[in-house]
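Everything below concerns the one structure shown next.
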Amino acid sequence: MNRDDVDVIFVKAGGPGGQHRNKSETGVRLVHRPTGITVQATERRERTRNLSLAWERLEAAVARRAHRPKPRRKTKPTRAAVERRLAGKARRARVKRERRAAE
């Protein structure tokens with residue numbers, strides 16, 4: 001990700017934190033122009049910590065958007081697996097049949 005494609009905007013972050021947080025622009029908003037992704041970090045009182053947090057979030061968001069899952073390949077069971085499953089079913093059916101005849 002090229003940092004020249006990102007607009008860095010500093011905003012006033014409201015909420016708890018006192019005068020330092022309410023008077024100064026400690027909040028950070030990053031806008032990635034090519035994708036239009038916007039992230040914001042306003043939870044810390046220091047601009048530098050909010051800036052690093054916002055960069056981490058932006059990199060994660062761009063990576064999530066770029067991720068392409070591997071296509072799922074259809075599989076089928078082997079002939080031996082099918083035969084084992086059917087043999088087990090036949091064995092179970094025989095047990096139930098014998099139990100029914102005993103009653």
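Bear in mind these aren't lab numbers, they're just calculated from the coordinates by the rules spelled out. Note that this is a predicted model, so its numbers are computed, not measured. Cβ placement follows ideal geometry from the backbone for every residue including glycine, while neighbour counts extend to all protein chains displayed.
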Applied in sequence order to the range 24-37, the curve 6.51 cos²θ - 1.76 cosθ + 1.60 (Karplus, θ = phi - 60°) yields integer Hz couplings, x standing for Gly and Pro, of 9, 8, 9, x, 10, 10, 10, 10, 8, 4, x, 9, x, 6
May I ask for the net charge around Val82, where only other residues with Cβ less than 14 Å from the Cβ of Val82 are counted and Lys, Arg are +1 while Asp, Glu are -1? +4
Can you tell me which lysines have their Cα less than 19 Å from the Cα of Lys23? Leave out same-chain residues fewer than eight positions away. Lys12
State the answer as a single residue: which of Ala63, Thr35, Asn50 lies farthest towards the positive end of the charge dipole of the range 3-66, with beta carbon charges of +1 for Lys and Arg and -1 for Asp and Glu, about the Cα centre. Asn50
Whole-number value, in Å³ per residue, for the convex hull of the alpha carbons of the range 1-92 is 177
State to the nearest 20 debye the size of the charge dipole of the range 3-66 about its Cα centre, where the only charges are +1 on K and R beta carbons and -1 on D and E beta carbons. 220
Count neighbours as other Cβ atoms within 10 Å of each site's Cβ, and list the trypsin sites (Lys or Arg not before Pro) in the range 1-83 that are DSSP loop with at most 16 such neighbours. Lys12, Arg45, Arg72, Arg73, Lys74
Phi to ³J(HN,Hα) by Karplus 6.51 cos²θ - 1.76 cosθ + 1.60 over the range 88-95, Hz, x for Gly, Pro: x, 5, 5, 4, 5, 5, 5, 4
